[in-house]
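Comments concern the structure below.
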Amino acid sequence: MEALHTYQSFNSDKSIGELQYNILRDENSLENLKFELQFYKSLLSKPIFKPHVMNLYEKLTKLKNEINALNKNSISLLNELNSLAHQIRNKIECDDMTCDNFFVKKHDDIELKVFNLKTKIFNFKFRLFQYLESIIIN
């Protein structure tokens with residue numbers, strides 16, 4: 001299931017306060033997705049699978065590796081979001097448009113990364129659920 005949407009930024013007219021809110025929202029969303037990925041990784045380690053499934057160990061290992069990579073990307077993006085939030089808090093007094101444009105551009109860049117990561121995670125979950133449906137014991 002591939003995403004049909006592409007990223008569009010609507011941040012150019014937003015205030016610094018709105019950017020801070022969006023950062024907080026993205027942080028919460030990524031934290032929830034990280035928790036979800038950890039659950040899936042734990043689930044893949046449980047003895048809930050049909051016996052004699054072809055290449056089960058290899059497929060489960062591949063899925064766990066994908067989860068690890070997605071988690072690593074989530075942590076990296078969370079660090080970027082935290083850094084941007086810190087920069088905005090320290091520069092909140094900035095009143096000129098150049099300063100605002102700098103933060104809007106930086107936020108757009110991170111928001112695109114968050115969008116792409118969420119798309120990867122949603123596509124991963126779709127594939128994971130399809131596979132699990134065929135190999136979990138009834």
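The values are calculated or read from the model by the stated rules, or taken from the named source; none is laboratory data. The shown structure was predicted, so the numbers you read here are calculated from the model rather than taken from an experiment. Note that we place each Cβ from the backbone using ideal geometry, even for glycine, and neighbour counts take in every protein chain shown.
What to note about this one:
- The listed residue being assigned to a helix (DSSP H, G or I), among the hydrophobic types (A, V, I, L, M, F, W, C), modelled with pLDDT of 95 or more and surrounded by 13 or more Cβ atoms within 10 Å (Cβ to Cβ), out of 104, 114: 114
- Residue within segment 82-90 that is under 21 Å from residue 37 (Cα atoms) and either among the aromatic types (Phe, Trp, Tyr) or assigned to a helix (DSSP H, G or I) (or both) present: yes
- Filter result for the condition that a residue is farther than 24 Å from residue 16 by Cβ, within 16 Å of the chain's Cα centre (by Cα) and surrounded by 12 or more Cβ atoms within 10 Å (Cβ to Cβ), over 124, 49: 124
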